[in-house]
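A short worksheet on the structure shown next.
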Amino acid sequence: MKKLLNLAAALVVAAAITGFALAGTASTVKSVHLNAQNPSTAFSVRIHQPKKIVLYVGSAKVATTTMCVKGTTVSTRSRSFATDGTRNMLWHIRGRQDVCYVSVSAAVEGRDGGYVSVDVYPR
């Protein structure tokens with residue numbers, strides 16, 4: 001009986017760990033590769049109830065606008081980046097938003113390629 005109880009507890013812990021791991025996985029909403037033939041791009045995405053929105057920039061100059069709506073309150077944040085890295089697009093925007101719209105414009109100079117990606121972590 002004690003062995004069965006330990007096995008059941010281990011299964012509950014394993015299920016909880018798996019649930020947390022799956023809940024924290026991001027999905028790529030939009031990604032674009034830039035090169036000499038396609039040196040610039042612009043796109044907009046709509047994200048329903050985001051927990052976290054991450055922008056990844058690789059070798060590109062990027063300008064973004066994030067507009068989030070919660071009830072009747074609208075929060076807007078515009079930013080631009082000239083360096084590589086990841087950015088939290090909900091920085092300085094209150095949490096638990098109903099919907100967010102992210103507009104991104106990106107460009108590369110010269111022959112080197114670049115990359116822009118928007119990843120979302122759902123609630």
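We did not get these values from a lab; they are worked out from the coordinates using the rules stated. Model, not experiment: these values are computed from the prediction. In this analysis, Cβ positions are derived from the backbone assuming ideal geometry, glycine residues included, and neighbour counts consider all displayed protein chains.
See the values below:
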{"item": "Long-range amide H partners of Lys51 with built H, under 5 Å", "result": "Tyr121, Arg123"}
{"item": "Label-reachable residues, segment 67-101, where backbone N falls under 18 Å from a point 7 Å from Ser40's Cα toward its Cβ", "result": "79-83"}
{"item": "In order through segment 51-57: 3J(HN,Hα) via Karplus (6.51 cos²θ - 1.76 cosθ + 1.60), integer Hz, x for Gly, Pro", "result": "8, 8, 10, 10, 9, 10, 10"}
{"item": "For Ala60, residues with placed amide H under 5 Å, excluding near neighbours", "result": "Tyr115"}
